[in-house]
Amino acid sequence: MGHVVRMTMAGAMGITFVFLVDAANLYWIAKLGDPQLLAAVGFAFAVQFFSVSSGIGLMIASTALISRSIGAGRRDMARRQATSAAVIAGVWQFAVASLIILFRHEIVAMIGATGETAALAARYLAISLPSLGIMAVSLIANGALRAEGDGRRSMLVTLLSGAVAMVVDPVLIYGMGLGLDGAAYGITLFRFVMLALALKFAIGTHDLLARPAMADIRDTLRPYLAIAVPAILTQLATPVGNFLATTVMAPFGDDAMAGWAVVGRLTVVAFGGIFSLAGAIGGIFGQNFGACAYDRVRSTYRDALVFGLCYTLVTWAILAALGHRIAGLFELTPQGIEVVLAFTSIGAGGYVLGSALFVANSAFNSLGKPTRSTLINWVRDGALTLPLALLFASWFGANGVIYAQAAASTIVGLFAGLWGWRYVVGLQRRTVPPLDLAPPRPYAHADRFRRR
């Protein structure tokens, strides 16, 4: 439990600070007094969510692959895999960004954006998306730090880059009067700073990246994509669900969309620890799986479930108590405030059992069953979200979209947590999984490796 908490909280401090910077951007945009700008951010966020989730899926796959090789005692292989994964991820994300930029007007129109709001959202995407490939490389380098077990430096990467953005963003958005453009420029700067820091620690401190070589990329491509493709599909389920929910929210107008934009930022700030939990325990799972230490895999899963339950209960209580004050920070109309309060009072409760989904995702991705993560996430976001949102919106208006997401998370989270536990309990002593290119190592030698 101690290792789970330390790795998770180190990651949570970093990722929550980044999300806090993002929420601060929304605050400064709100100060400009134009609800249309907030609505544009909400639409752009729904699109950005796809591209960023793709990068997170690539990071999850690289962390699983690298940590298994470290656990199996093949550090040289881990270095080659890290570099190859960074190259593959950078190319992949550059292609994704190019496609979204090319069709950005059509995409924002599909969500429901119209007129000047649609034009603002498309402009924001055109400025911020070209740096997506840079972010992908930084995520892989930061994932390598987690695979190594260096949660502190992984935290510093996001903390320090977020601190730079915290200083620069209000100057760009409010001080220089760039508005939404300033927010997009700030994101680009943040990504370049994050890349520099991640590479500094991954290369300078741990020597986790080898010199790029085409032979290494070819050797890594197949095992990497075997994890990355289902991991990306898993991560894309959430933005698809958010996209579908946004289409249901959009007809309620810009005021409701402004509240929806605040809910999006508030979710990632409040529950950053749960998002971090999935990434933090992936390295722990991977190292112990690579060393065939299945008792440690089971204890990690159990402790992660307990941590997630406690974290979400405390966070929900805080949000419920401070809901009115939070809504008052963003210059929202009464309808926008209602949407935010629906989340702080009820919607946030969906993460209590929903946290088990994040633990199960990490376990399946790291332990050789990534398609299971894909399945359970698409059941939640692809199969349940839209019909529940339409039903609840017909009963409760714009607030019903919030309630629908909470209901879907609760149902699927409970099922995923039980399914994941059944899998890790059933693990038996065996050789390192075939997705690793390392030779088999029996469980009797596992104690030679550091406990992760």
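The values are calculated or read from the model by the stated rules, or taken from the named source; none is laboratory data. In this text, all values refer to a predicted model and were calculated from it rather than measured experimentally. Neighbour counts are summed over all protein chains in view; Cβ atoms, including those assigned to glycine, are modelled from backbone coordinates with ideal geometry.
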Among SER54, SER69, SER98, SER62, which is the only one that is without any contact (Cβ under 8 Å) to a residue 40 or more places away in the chain, of a type outside the set (Lys, Arg) and either part of a helix (DSSP H, G or I) or more than 24 Å from PRO212 (Cβ to Cβ) (or both)? SER98
Residue among THR188, THR205, THR234 that is polar (S, T, N, Q) and more than 22 Å from the chain's Cα centre (by Cα): THR205
Go through the stretch 72-92 and give me each residue that's part of a helix (DSSP H, G or I) and charged (D, E, K, R). ARG75, ASP76, ARG79, ARG80
Name the one entry in ALA348, ALA320 that is surrounded by fewer than 21 Cβ atoms within 10 Å (Cβ to Cβ), in a helix (DSSP H, G or I) and touching a residue at least 24 places away in the same chain (Cβ under 8 Å). ALA320
Matching residues in the stretch 379-413 - criterion: being surrounded by 19 or more Cβ atoms within 10 Å (Cβ to Cβ) and under 21 Å from ALA231 (Cα atoms): ARG380, ASP381, LEU384, THR385, ALA408, SER409, VAL412, GLY413
Would you point out the residue of the stretch 201-215, among those that are modelled with pLDDT under 85 and assigned to a helix (DSSP H, G or I), that is surrounded by the most Cβ atoms within 10 Å (Cβ to Cβ)? THR205
Is it fair to say VAL269 is part of a helix (DSSP H, G or I), of a type in the set (A, V, I, L, M) and at pLDDT below 85? yes
So for the stretch 166-175 (the condition being at pLDDT 85 or above, buried (at least 17 other Cβ atoms within 10 Å of the Cβ) and aliphatic (A, V, I, L, M)), does at least one residue qualify? yes
